[in-house]
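Shown next, in structure tokens, is the structure this report addresses.
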Amino acid sequence: MSKEFPPPPLAPEEPYDLEAEHPELFDLEYISQLVEARIESHTVIHCSKNNDGTLEKYLIKYHSENADFYATTNTNYQMQPSFKNQQALHAQMPDQTIPRPITFLKDNSTVIYQELVGENFADFLQHKPEAEQLKCFQKAGMLLKQLHQVDMASMNTATNTSNTSLENIMSSINHNAFAEIEEVEPEFSHRLKALYEKIIAYEAGILAEAELVATHGDFHPKNLIIKKDNNAGMVDFTEVSVSVKGRDIGGFLEQTYAILKHQGLANEDLIEHFQASFLEGYGDNIKPDDTEVRFYQSWQAWRNAMYNAVMRPPVMEDAEEFLTRAEEHFANVSQ
């Protein structure tokens, strides 16, 4: 009698069979009913899995004659609270500044929303003169200020805690990161852990005392679009949470540096002009040396260092640069 063995684990390069696992997402008649538009075709923009072969996240785009729609999930986050908060934000934010949430599919924790039409901010920067670029950074600051002013009574503050602090992020979303980095870069891991302990202690003090607002959670140039009327809109609300305004402001400043410099879109002097224009648009006399803002630049640079160190293969040159930036930002905060 032959023995039956369990199937081998998925190879790292083997794609996740999304259609087999979630056929309803590929039933265009069903999706058409949900969005109340005739879906003609679809495109899987992204689908990834965890190391154990389970689904991590996906993004599917549905095409119709007059509008496009997306279905998305990310198993690292609580999608239903994110959806409810996106509904609250959409009801209060100016028209056409964030995507319209349509429905939440509980069985597969999927959010479906209508596309916010426009050009990605990072792409826009590549073919526009500097004066227009500066104006767009200013509009990005103004848009973020509007987000931070929404009525907190409408926000779900008791859930989606995985994204409210660096300690929660590392314990729930990136809980294997330290062990992975320690295995290949022990000296770097020691520096990373040392700064991590300082950051979480400092952030605990901020969150205990500061005013909490609705935050985007992942606010950076690639999550902004420029619409046909040249006004700004923001996308990707998976990480929306309740935190302090410095989280979005400092994160945007640091991600502007990381994205534009490393993609060769701007030199450091021009990046500083972009950052200043963004802060001018936000107002409230926020300056680059604001303690909370500088702290969250350190916070974001630390996360950038961690992400580059856990990539396979690790990108240690970039990880070292970001960790050094994080250490420098934090040193300026704690003086």
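Since every read-out is calculated from the coordinates, none of them should be taken as a lab result. Remember, it's a predicted structure, so these values are computed and weren't measured experimentally. Neighbour counts run over all protein chains shown; Cβ positions are idealised from the backbone, glycine included.
Per-structure values
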quantity: Volume of the Cα convex hull of the range 12-147, divided per residue and given in Å³; calculated: 151 Å³
quantity: Positive-end residue of Val293, Asn74, Ser41, charge dipole of the chain with Cβ unit charges; calculated: Val293
quantity: Top positive-direction residue, dipole computed over the range 116-334 with Cβ charges, set Tyr307, Thr164, Ala326; calculated: Thr164
quantity: Reachable lysines from Lys287, criterion Cα separation under 25 angstrom, eight or more residues apart if same chain; calculated: Lys135, Lys139, Lys145, Lys198, Lys222, Lys245, Lys261
quantity: Relative contact order %, the chain, counting alpha carbon pairs below 8 Å whose residues are six or more apart; calculated: 15 percent
quantity: Cα-based equivalent ellipsoid of the range 242-335: semi-axis lengths in Å, sorted from largest, via gyration tensor; calculated: 22, 16, 11
quantity: All aspartates and glutamates inside 14 Å of Lys128 as judged from Cα atoms, apart from same-chain residues fewer than 8 positions distant; calculated: Glu119
quantity: Summed residue charge, Cβ within 15 Å of Ala204's Cβ, Lys/Arg positive, Asp/Glu negative; calculated: -3
quantity: The range 141-236: trypsin sites (Lys or Arg not before Pro) in DSSP loop, at most 11 other beta carbons within 10 Å; calculated: Lys228
quantity: Paired Rg and Dmax values of the chain, which use every Cα atom, in angstrom; calculated: 20.8, 79
quantity: Rg/Rh ratio calculated on Cα atoms of the range 121-209 (Kirkwood radius); calculated: 1.12
quantity: Computed label-point distance, nm, for sites Ala131 and Lys228 using a 7 Å Cα→Cβ extension; calculated: 2.5 nm
